[in-house]
1. Would you work out which of Ala68, Ser296, Ser99 lies farthest towards the positive end of the dipole of the chain? Charges go on Cβ: Lys and Arg +1, Asp and Glu -1.
2. Treating the beta-carbon of each Lys and Arg as +1 and of each Asp and Glu as -1, no other charges, what is the dipole magnitude of the stretch 216-360 about its Cα centre, to the nearest 20 debye?
3. Karplus couplings for the stretch 230-247 from phi (6.51 cos²θ - 1.76 cosθ + 1.60, θ = phi - 60°), rounded to Hz, Gly and Pro as x?
4. What whole number of Å gives the distance from the Cα centroid of the stretch 352-392 to the Cα centroid of the stretch 54-130?
5. What nm value, rounded to one decimal, do you get for the distance between Asp202 and Ser71 when each label is placed 7 Å out toward the C-beta?
6. Mind checking which of Gly89, Leu150, Ser189 is farthest towards the positive end of the chain's charge dipole, using Cβ charges of +1 (Lys, Arg) and -1 (Asp, Glu) about the Cα centre?
7. Output the pairs from Lys144/Lys392; Lys309/Lys383; Lys285/Lys333; Lys108/Lys392 with a Cα-Cα distance over 27 Å in this structure; if there are none, say none.
8. Could you name the aspartates and glutamates whose alpha carbon sits less than 17 Å from that of Lys65, not counting residues in the same chain fewer than 8 places away?
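A short reminder: the numbers here are calculations on the coordinates, not readings from a lab. None of these values were measured; they are calculated from a predicted model. Heads up, the Cβs are rebuilt from the backbone with ideal geometry, glycines too, and the neighbour counts pull from every protein chain shown.
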Amino acid sequence: MKKLLIPVLLSISAMAPALSQAKSSVKPPAAAVAGNSVPMTIDAGPPILASSQGGSMNIPSISVKICAPGSTTNCQTVDHITVDTGSSGLHIVSSVLNSRLASALATKTTASGKLIAECEGYVSSFVWGSVKTADITIGSETAKKVPLQLIGDSDSKFQTIPDDCTNSSLGGQNDTVALYGSNGLIGVSAIPADSGLYFACDASGCAANTVHDSSLRNVLPNVVTLFAKDNNGVVLELPSVPAGGAPSVTGSLTFGIGTQTNNGLGSATVFPLDPSGDLLNTVYKNSKRTFSYIDSGTNAWNFYDKSLKVCQSGYCPDPAVSETATMNAYGGKVTTKVSFSIADSSAFAAANYVYNNYGFGDNSSADDLATFGYGLPFFLGRKIFVGIAGAKATDAKGKVISGPFNAF
């Protein structure tokens, strides 16, 4: 989820029914049976979201087991954790944890003993919460004492939100499942650590990291980097869907690249990324978009095109239009043309939560005009690798490839 972009949620409860929509769920491209691979599903989201807002569109999720540090019994498996290749770190909405587990998670402290909290600001919202530590298990992969953000922590020490946080976006606080759009989020980007705004808190309040305290930088790690093995990246695989959409799909999230028989690069083309985890640029209709990225946490093709009709739900051309973009990797040596379509989002069926032709764009800032985001629709029907910066992977020919990179 790129911070300067549109919210990843889209309530579709008010959308008009569309004709000839797919009615059956799409099955996975391959069974996620190995210990380093877990099912990844796109559906309406957590029940409270589906009942209050009609569900969310194009949000991939997995289940994560969270345990009190050192415990094998004080644990809880939380479903509908959004898989986001555009950020790093684990974020959990506090209300989904049982009280026994929540109270056993120790708050991470600075070198001087102050409690650490984090603020994540987006264009239309922000999240605020303490930084806790927990043991995390996904499939057979386990990481100990992982720092995570507990969104909306009810602890009285974190109830006064600093102005530096509330001023970080144009919207309000998303501290519930219904507002956040999921039970949590796991960032598995090509960057080893989260870049959020961290605060040191004591009885007098919370202060931003104005003294450059090293213990207040890169606090939340990409959890994958803490696994004992399969820690150099991830592979996301989702099936394709018809133009009319689908109620749900199930694919897989696999840990490691070239570390086991189920995560080899094979013939995939590697696209180097810049130090921020972005592409060099994308050329769309002779316009060079210099902020370009591949991100499962953005639920649409995200780009501005003044020729496309816009509705409240997003782009809504009728009939659908076919487009082409040229993706250019960092370094300028690898390029490919990507064909896609944009359909009338105002006519999407209320019963379908997966679409490969949903687009959205904004022109309110220079950043918006320079953006081309290959969001979740780009992942449908593809197997996409995310290589983490500082880690290495080996392709089928024995060539060693250093992260950060995407490959497909």
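1. Positive-end residue among those listed: Ser296.
2. For this selection, approximately 340 debye.
3. Computed from phi, the couplings for the stretch 230-247 are 6, 10, 9, x, 9, 10, 10, 9, 10, x, 7, 10, x, 4, x, x, 8, x Hz.
4. 23 Å
5. Result for the modelled spin labels: 3.0 nm.
6. Value: Ser189.
7. Table pairs above 27 Å Cα-Cα are Lys309/Lys383; Lys108/Lys392.
8. Asp79, Asp135, Glu141
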